[in-house]
Amino acid sequence: MSIRLMTIVVLSLSAVLSTAAQQSTARVEPPRTARIEIHAFETTTLSDEQFLTEVKEGTPARISGELRLPQGTGRFPAVILVHGSGGVGANIELWAEELNGIGAAAFILDSFTGRGIVNTITDQSQLGNLTTIVDAYRALDLLSKHSRIDPSRIAVMGFSRGGLTALYSSLKRFQQMHGPQNIEFAAYIPFYPPCETRFIDDEKLSKRPVRIFHGAADDWVQVEPCQRYVKRLRRAGNDVQLFIYPGARHVFDNPLFQPERRFPDAEVLTGCRREERAGGKLFNLDTQKPFTSQDACVTRGATVAFDLNAYSETLKAVKSFVTETLKPGNAVSP
């Protein structure tokens with residue numbers, strides 16, 4: 001064997017042994033999720049008008065969710081995660097893992113697949129915005145009966161379209177119309193929700209806390225309507241806080257969107273000022289006529305982008321809020 005070839009062999013063997021030694025001493029981090037369960041359940045698909053006029057039974061639908069239980073024993077608090085227009089994305093996966101890491105269960109709700117929907121990015125009319133509130137209430141009812149979940153410590157957290165669900169599921173009126181009896185969410189955590197629609201009695205919220213997170217540079221769901229709504233809510237004595245992150249765009253908590261990505265055909269309704277009137281009709285305040293997706297206020301084109309600072313700050317804030325409100329370290333006996 002030549003000296004050159006022998007040298008190559010020795011170096012290769014040294015590299016293999018070094019790698020093996022590193023692997024033998026490396027610590028393997030335990031998984032944050034101890035158990036995963038898939039739950040299918042019945043819900044109903046309602047138009048916004050049906051929802052607002054207290055129609056109970058629309059088109060039957062069977063949807064599902066993924067329950068991720070953390071390490072530990074006893075009953076855990078839980079957070080229902082509600083996706084946005086793009087369906088269940090990478091940010092929801094990250095939030096589920098972080099919630100498991102602090103001892104809270106995570107229920108990833110999928111409102112689209114069971115209805116044959118991939119996404120509503122370019123056509124929001126595929127599914128009424130309010131019908132996913134019904135889905136969240138049904139998921140709350142489901143989890144409240146689970147042997148490993150404490151029914152008094154279930155929160156809802158949603159993103160964009162799902163943020164609307166997390167925000168407006170706190171309305172007492174909607175809870176009375178569509179929510180389960182004798183139980184409600186322990187906390188509400190909306191991320192960049194649309195707030196431009198004024199509903200009847202929308203200042204009458206649950207007594208449970210609401211924490212909203214939004215980006216100042218969001219051009220898909222602008223923050224200004226939420227600022228106005230939060231002012232009304234706080235004047236009415238509600239426990240609501242809005243956190244705004246400078247420079248942050250839509251879906252700032254999804255690391256897949258770096259660099260930023262433009263959706264030129266995305267349907268944008270944030271410029272539409274709407275108001276609920278008699279019979280569940282949503283009126284365009286600019287035209288004083290019933291709102292339609294063909295109204296001039298409906299535009300196209302929006303940007304999404306991950307923002308490390310906004311994500312890091314919201315991660316700390318949400319974990320602190322969940323820890324304080326749901327007390328995940330205090331598992332109760334079954």
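The values are calculated or read from the model by the stated rules, or taken from the named source; none is laboratory data. On a predicted model such as this, the values are computed, not experimentally measured, just so you know. Ideal geometry is used to build each Cβ from the backbone, glycine not excepted, and the neighbour counts take in all protein chains shown.
So here's what we get for this one:
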item	result
Pairs, first without any contact (Cβ under 8 Å) to a residue 40 or more places away in the chain in the range 226-246, second loosely packed, with under 13 Cβ neighbours inside 10 Å and of a type in the set (D, E, K, R), C-beta under 8 Å, six or more apart	Asp239/Lys207
Enumeration of residues in the range 307-329 that are in contact (Cβ under 8 Å) with a residue 60 or more places away in the chain, among the polar types (S, T, N, Q) and farther than 20 Å from Phe185 by Cα	Asn309, Thr314
Scan of the range 143-178 for residues that are of a type outside the set (Val, Ile, Thr), more than 18 Å from the chain's Cα centre (by Cα) and not in a loop (DSSP other than H, G, I, E, B), ordered by number	Ser144, Asp150, Pro151, Ser152, Lys172, Arg173, Phe174, Gln175, Gln176, Met177, His178
Count - residues of the range 102-145 that are touching a Leu at 6+ places or on another chain (Cβ under 8 Å), crowded, with 16+ Cβ neighbours inside 10 Å and either farther than 13 Å from Leu46 by Cα or of a type in the set (D, E, K, R) (or both)	14
Number of positions in the range 301-322 that are farther than 20 Å from Glu224 by Cβ and either over 18 Å from the mean Cα position of the chain (by Cα) or at pLDDT below 95 (or both)	2
Selection count where residues are over 24 Å from Val268 (Cβ atoms) and either part of a loop (DSSP other than H, G, I, E, B) or acidic (Asp, Glu) (or both), scope the range 111-142	2
Members of the range 139-173 that are free of Cβ contacts under 8 Å to residues at least 40 places away in the same chain and either closer than 22 Å to Thr73 by Cα or not charged (D, E, K, R) (or both)	Ser144, Lys145, Pro151, Ser152, Leu164, Tyr168, Ser169, Leu171
Any hit, the range 33-46, residues being touching a helix residue (DSSP H, G or I) at 6+ places or on another chain (Cβ under 9 Å), among the aromatic types (Phe, Trp, Tyr), assigned to a helix (DSSP H, G or I) and at pLDDT 95 or above	no
Pairs, first closer than 17 Å to Thr323 by Cα in the range 86-105, second assigned to a loop (DSSP other than H, G, I, E, B) and not small (Gly, Ala, Ser), C-beta under 6 Å, six or more apart	Glu97/Arg32; Asn100/Arg32; Gly101/Arg32; Ile102/Pro328; Gly103/Pro328; Ala104/Pro328
Neighbours by Cβ (under 9 Å, 6+ apart or cross-chain): first from the range 276-292, touching a residue at least 40 places away in the same chain (Cβ under 8 Å); second among the acidic types (Asp, Glu) and in a loop (DSSP other than H, G, I, E, B)	Glu276/Asp202; Gly280/Glu54
Qualifying residues in the range 179-210 (those that are among the β-branched types (Val, Ile, Thr) and not in a loop (DSSP other than H, G, I, E, B)) - the one nearest to Arg273 (Cα to Cα)	Thr197
Selection from the range 52-79 of residues that are touching a Phe, Trp or Tyr at 6+ places or on another chain (Cβ under 8 Å) and closer than 24 Å to Glu275 by Cβ	Leu52
Residues of the range 211-222 classified as without any contact (Cβ under 8 Å) to a residue 60 or more places away in the chain and either surrounded by fewer than 23 Cβ atoms within 10 Å (Cβ to Cβ) or in a strand (DSSP E or B) (or both), total	5
Number of the condition not met by Ile200 [criteria: (1) closer than 25 Å to Asn284 by Cβ; (2) surrounded by 24 or more Cβ atoms within 10 Å (Cβ to Cβ); (3) hydrophobic (A, V, I, L, M, F, W, C)]	(2)
The range 158-189: number of residues that are among the aliphatic types (A, V, I, L, M), more than 22 Å from Gln126 (Cα to Cα) and surrounded by 24 or more Cβ atoms within 10 Å (Cβ to Cβ)	2
Number of the condition not met by Cys226 [criteria: (1) over 14 Å from the mean Cα position of the chain (by Cα); (2) among the hydrophobic types (A, V, I, L, M, F, W, C); (3) assigned to a strand (DSSP E or B)]	(3)
